[in-house]
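Below: the structure, in structure tokens.
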Amino acid sequence: MTKVVARETKTKNLKFYFLKILKPIFTLPPFYRIINIITIFQINKKSKNNKRNILCVGDPDDRMKFLEIESENFDINFIWFPRRVVDWLFKKYIKVNKIVGLGEWSLDQYYDNKIVNQKRRKKMRHMYFVLLKDVKKLFKIECLLLPKLNDDWIVDFQLAANKLKVPIVVNDRESAISPQRMEVYPSMLKKYSDDLNVANYICVNNDMHVEFFIKSGIKKDKIKLTGSPQSDVWEIQTTSKPLNNLVNKLDKNKKTILYLGFGVRSYLNFYYEGENRTWDDLCKEVHNELGKFIIDNKDDVNILYKIGSKAARDYWHGYDEFYAELVNNNAQNSIIQVRDKILTPELLPFIDLTVSFQTTGIVEAMFHDAPIIYVGWGDLYKDIKHTLHDFENSGILTASNKEEFRNLLNLYSQDNLPDMNRENFDKWKYDFFFKADGKASYRILNYVLKAIEEGSTN
């Protein structure tokens, strides 16, 4: 035991010295450039063929992997720029404490010198420029492919790339635009439209985003309706290592429920300014009922508990207590956390029931035969549900209080859930994922080639 403690202490001391002494040295521009180049080479093979190299920055959920699969049918090589490099620089230069759990913050805040030091922003942008210049030269990059248009870090990344005269294509990862977001956010984004219009093309998932970006001041001819790469999963079968590892953990003799997690501030971003209430009560009651169900049915069900890409927003702070109760009742083996880069559509073939609140995952589940339970109740929900997606009237099963949720779970355990009304499912699928014909990646990569052929238009 003494040796273990000593080893742990030594490890902690090394980490301390790295963070306090070595990290500041390694983040100096000359060292950082070298480290970045080494990192790029570690995750990419320098192309020895005549294919066109495009530089791609991944997103947290790895939704763009389908683009890479489709690139095999194009004269294209994917060169990946590590997101961790971007994040490290962002944390180094942008010294600001975001509100824990808030998730997205507005560009109004990001452009405000009282909140974010704009001189440091320019230094960060210059560092992006230097790193991109290195990668462009080493890999002969002909285009930059980005997963988002209007996030804080991505704005400066685009501006840096634009200075290099590299064509830019954005595949905006979002599918959902709530009524509240559509009403509030475009007028805010419009103030920064000059910085947001640098991309050659912005590929979007649906008509909602076409409308959203037009209202935000994005030039109409830049916006291209392509659908979402993640919807290609129904046509392109993947067998990623994380997915295989997860599936191997499932007890095949049990039914499997997918729970798509949410936190106390999920979907309550800056466009609900002044709203101090949270989903805490809803989270507590949902987890209480789910916990009781797991304990009572631990021999019969698996629970895949999927946490969103923004853990501070999507992870409920009471999870540890919830899990401890499962342990006390010897039911912990019935729940598996999903934290790897595994998309909801990849999980659905193994799912017998989906449970969630406001999330695109509900629409994704509509592509599958298994039932869906939507949970939503409480004073906050009653007051603002008109600003959210109207899943209550989508045709899926809904629980408007904890008792109804409990009853639906019990009916599920008895194989006696009522049928869903699927009449409107096709409309929901189209509204969120356009055609979902397995060709979204194909359409996006065609715009990549078009951007390369046209060159930078800026």
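Any read-out appearing in this document is the output of simple, stated calculations on the displayed coordinates, not a laboratory observation. What you see is a predicted model, and the numbers here were worked out from it, not measured in a lab. Quick reminder, even Gly has a Cβ in these numbers, built from the backbone with ideal geometry, and neighbours come from all protein chains shown.
Things worth noting here:
- Span from the region 114-178 Cα centroid across to the region 269-323 one, whole angstrom: 34 Å
- Helix-derived mean residue ellipticity, 222 nm - over the chain, DSSP H n ≥ 4, -39500 (n - 2.57), to 500: -13000 deg cm²/dmol
- Using θ = phi - 60° in the Karplus curve 6.51 cos²θ - 1.76 cosθ + 1.60, the 3J(HN,Hα) couplings for region 446-454 round to 5, 6, 4, 4, 5, 5, 5, 5, 6 Hz; x is entered for Gly and Pro.
- 13 Å Cα-Cα reach of K255 towards aspartates and glutamates, excluding residues that sit fewer than 8 places from it in its own chain: D299, D300, D352, D415
- Mean separation of Cα contacts under 8 Å (6+ apart) over length of region 241-433, as relative contact order %: 24 percent
- Cα shape, region 241-433, gyration tensor, a/c 1.5 rule: rounded
- Note on D108 and R83: the model spin-label points, each 7 Å out from Cα along the C-beta direction, lie 2.8 nm apart.
- Using the Cβ of F433 as centre and a radius below 14 Å, the other residues enclosed give a net charge of -2, where K and R count +1 and D and E count -1.
- A simple spin-label model places pseudo-atoms 7 Å from Cα toward Cβ; at V96 and K435 they are separated by 4.0 nm.
- Two-decimal ratio, the chain, of alpha-carbon radius of gyration to 2.2 N^0.38 Å: 1.03
- Stretchable slack from V327 to L225, in nm (0.36 nm times residue separation minus alpha-carbon distance): 32.0 nm
- The dipole here belongs to region 322-458: it is taken about the Cα centre, uses +1 on the Cβ of Lys and Arg and -1 on the Cβ of Asp and Glu, and is about 320 debye.
- Amide H contacts of V57: F81, L145, each under 5 Å away and 5 or more positions distant or on a separate chain (H built 1.01 Å from N in the peptide plane; Pro and chain starts excluded).
- The calculated FRET efficiency for the pair K191 and Q42, based on their C-beta separation and a Förster distance of 41 Å, comes to about 0.55.
- Charge dipole of the chain (Cα centre as origin; +1 on each Lys and Arg Cβ, -1 on each Asp and Glu Cβ, all else neutral): 3440 debye, rounded to the nearest 20.
- Estimated distance in nm for a label pair at D369 and K249, the labels positioned 7 Å out from Cα along Cα-to-Cβ: 2.7 nm
- Taking 0.36 nm per residue of separation and subtracting the Cα-Cα distance, full extension of the segment from N393 to E72 would add 111.5 nm.
- For the chain, the relative contact order is 18 percent, taking Cα pairs closer than 8 Å that sit 6 or more residues apart in sequence and dividing their mean separation by the residue count.
- Counted charge near W153, where neighbours are those whose Cβ lies closer than 11 Å (Asp, Glu -1; Lys, Arg +1): +1
- Projecting the Cα atoms of A399, I362, G274 onto the charge dipole of region 241-433, computed from C-beta unit charges around the Cα centre, puts I362 farthest toward the positive end.
- The length gained on full extension between Q118 and D207, counted as 0.36 nm times the residue separation minus their Cα-Cα distance, comes to 28.6 nm.
- Cross-link table K133/K224; K133/K241; K95/K341; K92/K241; K140/K306; K219/K427, entries beyond 30 Å C-alpha to C-alpha: K133/K241; K92/K241; K140/K306
- Exceeding the 18 Å Cα-Cα cut-off - candidates K190/K435; K137/K163; K215/K382: K190/K435; K215/K382
- When only the Cβ of Lys, Arg, Asp and Glu is charged (+1, +1, -1, -1), the dipole of region 147-262 relative to its Cα centre reaches about 260 debye.
- The local environment of G217, defined by Cβ-Cβ distances under 13 Å, has a net charge of +3 under the rule Lys, Arg +1 and Asp, Glu -1.
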